[in-house]
Amino acid sequence: MDDYEAIRALKARYFRLMDTKDWSGFRQLFCDDVVIDVSGSGGEVITGADVFVDFLTDRIGPAVTIHHGHTPEIELLTPTTAQGIWAMEDRLTWPDGTRVHGFGHYHENYEKVDGSWRIRSQRLTRLHTDFQPGDSS
Amino acid sequence: MDDYEAIRALKARYFRLMDTKDWSGFRQLFCDDVVIDVSGSGGEVITGADVFVDFLTDRIGPAVTIHHGHTPEIELLTPTTAQGIWAMEDRLTWPDGTRVHGFGHYHENYEKVDGSWRIRSQRLTRLHTDFQPGDSS
Amino acid sequence: MDDYEAIRALKARYFRLMDTKDWSGFRQLFCDDVVIDVSGSGGEVITGADVFVDFLTDRIGPAVTIHHGHTPEIELLTPTTAQGIWAMEDRLTWPDGTRVHGFGHYHENYEKVDGSWRIRSQRLTRLHTDFQPGDSS
């Protein structure tokens, strides 16, 4: 499996393990000191894979989530570093019926650690978000 | 074209030929004794490509269908066998206005038969399904 | 990067540069004499990359657009020509609230010009389109 295939498979697992709530498998996809910047969609900048997984479990754990990624633009920079841009769409439904439906792009860096590609940084930009309030709103 | 490309192209044809209702082309994508398990989304377990195509023609033939697949995780097991997981989204609209809109994953096995990859088995798991009744409901 | 990767990256940029309105970058993705046939979705046949970019800026410039492409079927014909089919979904929202949400396939030809793959022709076929009128309708 070449580096393009391996990075695509990494991101494929990112989406599947998040949406099936396999948080321990999900944790393994990141460099320990990953930087996640979701400030472009009302979030914050988070440093550290454990902190990020805690944040995410708290934020979307109770929701049904569907995250899809499309048409990656992957660029290999060195034998152990790469960058990529992914188009994305996400749908989140909370128990009270609140729905968020968004579109945008992930801008990411990857690093090959002990032979496996991991996510080194992520920044999310948004094209559009639809919001539908739930019962408790 | 390497095996990853060929298996992606096989699944791409699966989606396109189903949604454009090219059932004879669609039939060619499967091993004769394919096993299709859609019990996770209210269906059943079907054995045999001809039986599956008959089932599908009957079930979704009159509907406008849109099936999209995303971020495959393909693993080559032997020179002639492979497995894959695909994220999926489908939208079905029946003549009476009934709409089903679902999300999930295909878990599949592939086999190389006479130089061409085919689908050997498929199991569909669902994350979420939205249902909108039509006029006759 | 092999030709399959390069053509996928070309189309990935097509979607991203259109939706982020980077029209000068978008222009570079096409052969000068590209033929764009959107007659299948209420449009026309347009010849020439400059004419097409003018048409598009005029038509969707004020709208928020999200175009996603899926499961390409790419075939290399000669060392410098190729063809591809992409499943697609697009969402367009105009300032007055008008929304168009469509599904279909791009049928394309590509040509390698000075070492870079470009889009040589495009024909769009539609499976389904939803239309939601805006305030001014």
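Are any residues in the stretch A:22-53 under 14 Å from residue A:121 (Cβ atoms), open to solvent by 20 Å² or more (accessible area, probe 1.4 Å) and touching a helix residue (DSSP H, G or I) at 6+ places or on another chain (Cβ under 8 Å), and if so, which ones? Selection gives A:32, A:33, A:45.
If you filter the stretch B:1-17 down to residues that are in contact (Cβ under 8 Å) with a residue 24 or more places away in the chain and within 11 Å of chain C (Cβ to nearest Cβ), you find that the one that is farthest from residue B:113 (Cα to Cα) is B:15. Within this structure, residue B:89 fails the test of being of a type in the set (Asp, Glu), touching a strand residue (DSSP E or B) at 6+ places or on another chain (Cβ under 6 Å), away from every other protein chain (no Cβ under 14 Å) and closer than 25 Å to residue B:3 by Cα. If only residues of the stretch C:12-21 that are under 16 Å from residue A:73 (Cα atoms) and open to solvent by 40 Å² or more (accessible area, probe 1.4 Å) are counted, the one that is farthest from the chain's Cα centre (by Cα) is C:20. Quick check, is residue A:57 more than 14 Å from the chain's Cα centre (by Cα), among the polar types (S, T, N, Q) and closer than 19 Å to residue A:29 by Cβ? For residue A:57, the condition - more than 14 Å from the chain's Cα centre (by Cα), among the polar types (S, T, N, Q) and closer than 19 Å to residue A:29 by Cβ - is not met.
Among B:125, B:57, B:81, which is open to solvent by 20 Å² or more (accessible area, probe 1.4 Å) and within 30 Å of residue A:87 (Cβ to Cβ)? From the options B:125, B:57, B:81, the qualifying one is B:125. When B:113, B:100 are checked against the criterion of being in contact with a Leu (Cβ under 7 Å, 6 or more places away or on another chain) and either at the interface with another protein chain (Cβ under 8 Å from one of its Cβ atoms) or open to solvent by 30 Å² or more (accessible area, probe 1.4 Å) (or both), B:100 stands alone in meeting it. Scanning the stretch B:18-75 for residues that are among the β-branched types (Val, Ile, Thr), without any contact (Cβ under 8 Å) to a residue 60 or more places away in the chain and either in contact with a Cys (Cβ under 7 Å, 6 or more places away or on another chain) or within 11 Å of another protein chain (Cβ to nearest Cβ) (or both) yields B:20, B:64, B:65, B:66, B:71. All conditions in (1) surrounded by fewer than 18 Cβ atoms within 10 Å (Cβ to Cβ); (2) touching a residue at least 40 places away in the same chain (Cβ under 8 Å); (3) in contact with a helix residue (DSSP H, G or I) (Cβ under 7 Å, 6 or more places away or on another chain) hold for residue A:92, with the sole exception of (2). Please work out if residue A:69 is surrounded by fewer than 19 Cβ atoms within 10 Å (Cβ to Cβ), under 16 Å from the mean Cα position of the chain (by Cα) and modelled with pLDDT of 95 or more. Spelling it out, it is not the case that residue A:69 is surrounded by fewer than 19 Cβ atoms within 10 Å (Cβ to Cβ), under 16 Å from the mean Cα position of the chain (by Cα) and modelled with pLDDT of 95 or more.
The values are calculated or read from the model by the stated rules, or taken from the named source; none is laboratory data. Because the structure is a prediction, the values reported are computed rather than measured. FYI the Cβ positions are ideal-geometry reconstructions off the backbone, even for glycines, and counts take in every protein chain you see. Side chains included, ligands, DNA and RNA excluded: accessible areas come from the protein's heavy atoms. Shrake-Rupley method; radii C 1.70, N 1.55, O 1.52, S 1.80 Å.
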